[in-house]
Structures are given as structure tokens and as C-alpha cells.
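The structure appears right after this line, and notes come after that.
The values are calculated or read from the model by the stated rules, or taken from the named source; none is laboratory data. It should be emphasised that the depicted structure is a prediction, and the values quoted were computed from it without experimental measurement. Because the Cβ atoms are built from the backbone with ideal geometry, glycine has one as well, and the counts that use them run over all protein chains shown.
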Amino acid sequence: MLSFKFGKHNNNHIVNKENKPRRSEPGRTTRRPKTDGKPSEQQKRTFKKEDGPAKKSFGEKQGRGERKSFERRPAKKSFGEKQERGERRTFERKPAGRAASGERPAVRRTAARRTDKETVRLNKYIANAGICSRREADRLIEAGSVKVNGQIVTQMGYQVKPGDVVSYGGETLSAEAKRYFLMNKPKGYITTVDDPQERKTVMMLIDGACRERIYPVGRLDRNTTGLLLFTNDGELARKLTHPSTMVYKVYQVELNKAVTREDMKKMLEGIELEDGPIKVDDVQYADGFNDKRVVGVALHSGRNRIVRRIFEHLGYEVHKLDRVIFAGLTKKDLPRGRYRELTDKEVGFLKMV
């Protein structure tokens with residue numbers, strides 16, 4: 001066995017079989033003996049086979065001409081034993097067991113969902129007919145103003161079944177298709193469905209837009225112009241007008257004098273009115289106007305005449321007030337006094353407000 005020591009290389013460290021130092025003679029060279037094509041005794045190597053079979057990685061190597069054969073191990077089955085060819089596969093259905101906690105497994109409520117589709121609450125049925133919102137429908141039901149199949153119904157939560165006849169004010173109600181219109185309201189019209197004094201109303205401008213009975217959502221003063229929404233969707237109308245919804249609105253305001261930076265700062269920080277504190281989201285001088293009497297005001301409050309009252313509190317007179325944005329809707333390409341029906345995308349956006 002050869003041994004090596006790491007360090008300075010020295011030929012004297014190499015020993016022969018007789019453990020005698022090997023001396024190199026000058027001019028002497030060592031040649032290999034001639035073999036004449038035959039292996040010499042030194043070239044023949046024999047390997048002694050150890051006791052026992054050699055360890056094979058992939059099975060015994062067969063001799064030349066022998067046919068290779070493999071023994072197939074039984075595979076581990078994940079979903080049961082594999083059936084023989086020609087047999088029909090069958091599956092056994094395991095009975096549903098209880099959960100580990102001992103609770104009963106959840107019961108499918110298909111029947112309950114089917115019942116909900118077949119019936120509808122009375123207040124929702126009235127709202128879908130375009131009469132009023134659900135809350136107002138509850139008041140009509142409580143007052144005994146609604147009949148189902150000729151009988152007065154005052155029960156809250158009453159379910160209307162297919163084939164039931166619902167009537168109010170002597171007229172039979174039917175669910176209407178929901179309609180949504182946006183108007184650019186002109187000056188001189190009041191926002192109401194009916195006026196006892198026979199003044200001009202916004203309903204005169206939208207008359208004939210559809211067969212369904214639609215009504216305005218919210219209010220604009222007689223001298224206020226801009227965007228006004230109409231619909232027969234009572235639920236959406238209630239949502240958009242409720243104070244908690246905080247619908248985003250932008251107004252363009254023309255005043256009797258230039259608005260100072262100090263007053264704009266007051267509006268942003270908040271002022272105190274008779275019905276409580278109020279502050280705007282943003283106020284800026286309107287683009288395209290060199291006159292600082294025209295400003296844009298953005299806010300979420302839906303309080304009555306809130307924009308006019310803010311400027312009156314600061315000592316200004318409002319000459320013109322125009323609502324240019326309402327709940328993400330704009331009056332682009334909508335002339336004054338005209339209206340258009342909302343797209344499905346716009347309606348979907350309103351319902352997400």
C-alpha cells in the first residue's frame with residue numbers, strides 16, 4: 001500500500017517492493033518489454049470474486065442471448081386494488097359520517113332556496129312595482145292599504161306566492177322592469193312628482209320616456225341645474241338618498257364676488273351651521289375661468305340646500321349652482337333639459353355605491 005505525506009516533494013519517499021531505495025542512473029532508460037500483440041503477465045489482471053453475489057443496482061445482468069425478464073412488484077394502490085381486465089369497475093358509496101366534533105353533517109338547503117325563488121316579500125313586491133321604496137311599502141302595509149287576493153294584509157314579512165293578486169289604491173300591481181334615466185335639469189323646474197300649485201316640474205321634461213312609473217332620486221332646487229337621476233327602483237333610490245350612503249357630488253358655483261383663500265380654507269376645515277358642523281371634501285377655482293367668483297365644490301353630504309347654506313354662512317350670494325357629477329355620473333354630451341337612459345355598466349356601478 002502506498003502512503004503519501006503532504007509537504008516537500010522528495011523522490012526518496014517512493015519505495016519499491018523490496019523496500020530498497022531506488023537510484024537513478026544517468027543515461028539509463030526503462031523500456032517496456034515487447035508483447036508481440038499478446039498480453040504480458042503484467043498486463044493480465046485477475047479480480048478475485050468476493051464471497052456472495054455482487055450488489056446490483058437494477059437487478060442481475062443477464063448473459064448474452066438471454067432474454068431479459070423483470071419481476072413486477074405489486075404497486076401501492078391509493079384508491080383500492082386494480083381490477084382484472086374484463087371486470088366491471090364498481091364503486092361503493094360510503095355513508096356520510098359525523099364530523100370529528102360529533103356534530104351532524106350540514107344538510108343541503110335546496111328546498112329552502114327553491115321556496116325563496118317562488119315567493120317574495122310583500123314590501124319588495126310593492127317596491128318592484130315602482131310604487132315606493134321598501135320602507136314606505138312597510139308603512140302602506142301597516143296602514144292596511146294593501147290587499148292580496150282581495151284581503152287586507154297587515155302582516156310584516158308576508159310572502160307573495162306565484163298567482164297572488166296584489167292591489168293598492170284599487171289598482172293591481174305587477175312587477176316592472178327596472179329603468180334608470182339621467183337628466184340635465186334646467187333652471188325653473190321643481191323636483192317633485194306632483195305640485196298642488198301647478199308649477200313646472202321635472203316630470204314634465206321626462207314624460208313619455210318609458211311605460212314604467214319613474215320618479216326623481218333626491219332633490220334639486222328650482223334654480224339649481226345639473227344632474228338628476230330618475231328610476232322605478234325603490235331600493236336603489238332609498239340607498240342613494242340615505243345620509244349614511246354619502247354619495248359623492250361635485251357642484252360648480254358662481255358667486256357674487258371672488259372667493260378668498262381664507263374662506264376656502266374654512267370650508268375645508270369645517271364650519272358650524274344651524275343643523276350641525278359641515279366641511280367639504282375639496283374646493284378649487286374652476287378651470288377655464290379667470291374670474292375667481294366661479295369655484296368647484298366636492299362633498300358627500302346630502303343635507304338640504306347644503307351648498308347654498310355654506311356660502312351664505314360665509315357672506316356670499318349664489319348666482320348659479322350646477323351639479324356636474326353625481327355618484328360617478330357626469331353630464332358629458334347631455335344638453336340642458338335632455339335625458340338619457342343609463343347603461344348596464346353605469347347601473348352596476350350605482351348599485352355598488
Does Leu334 satisfy the criteria of being of a type in the set (A, V, I, L, M) and either touching a strand residue (DSSP E or B) at 6+ places or on another chain (Cβ under 7 Å) or outside any helix (DSSP H, G or I) (or both)? yes
If you check Val280 against the conditions, is it surrounded by 15 or more Cβ atoms within 10 Å (Cβ to Cβ), at pLDDT below 95 and either in contact with a Leu (Cβ under 6 Å, 6 or more places away or on another chain) or assigned by TED's automatic domain parsing to the domain that holds Ser133 (or both)? no
Here the residues within the stretch 104-142 that are charged (D, E, K, R), modelled with pLDDT of 80 or more and assigned to a helix (DSSP H, G or I) are Lys124, Arg134, Arg135, Glu136, Asp138, Arg139, Glu142
Could you figure out which of (1) at pLDDT below 95; (2) surrounded by 13 or more Cβ atoms within 10 Å (Cβ to Cβ) isn't true of Lys332? (2)
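Residue-by-condition table, conditions (1) in contact with a helix residue (DSSP H, G or I) (Cβ under 9 Å, 6 or more places away or on another chain); (2) assigned to a loop (DSSP other than H, G, I, E, B); (3) modelled with pLDDT of 90 or more:
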site	(1), (2), (3)
Gly144	no, yes, yes
Glu176	yes, yes, no
Leu227	no, no, yes
Phe230	yes, no, yes
Of the conditions (1) over 21 Å from Ala327 (Cα atoms); (2) touching a helix residue (DSSP H, G or I) at 6+ places or on another chain (Cβ under 7 Å), Gly234 clears all except one; give me its number. (1)
Out of all the residues in the stretch 293-300, is one or more more than 34 Å from the chain's Cα centre (by Cα), on the phi < 0 side of the Ramachandran plot and outside any strand (DSSP E or B)? yes
Within the stretch 311-345, residues farther than 23 Å from Lys239 by Cα and either touching a Leu at 6+ places or on another chain (Cβ under 8 Å) or hydrophobic (A, V, I, L, M, F, W, C) (or both) come out as Phe311, His313, Leu314, Tyr316, Glu317, Val318, His319, Leu321, Leu334, Gly337
Between Lys200, Lys185, which is more than 30 Å from Leu122 (Cβ to Cβ) and surrounded by fewer than 17 Cβ atoms within 10 Å (Cβ to Cβ)? Lys200
From the list Val193, Val153, which one is in contact (Cβ under 8 Å) with a residue 12 or more places away in the chain and more than 18 Å from Asp233 (Cβ to Cβ)? Val153
Residue within the stretch 234-251 that is buried (at least 17 other Cβ atoms within 10 Å of the Cβ), modelled with pLDDT of 95 or more and assigned to a loop (DSSP other than H, G, I, E, B) present: no
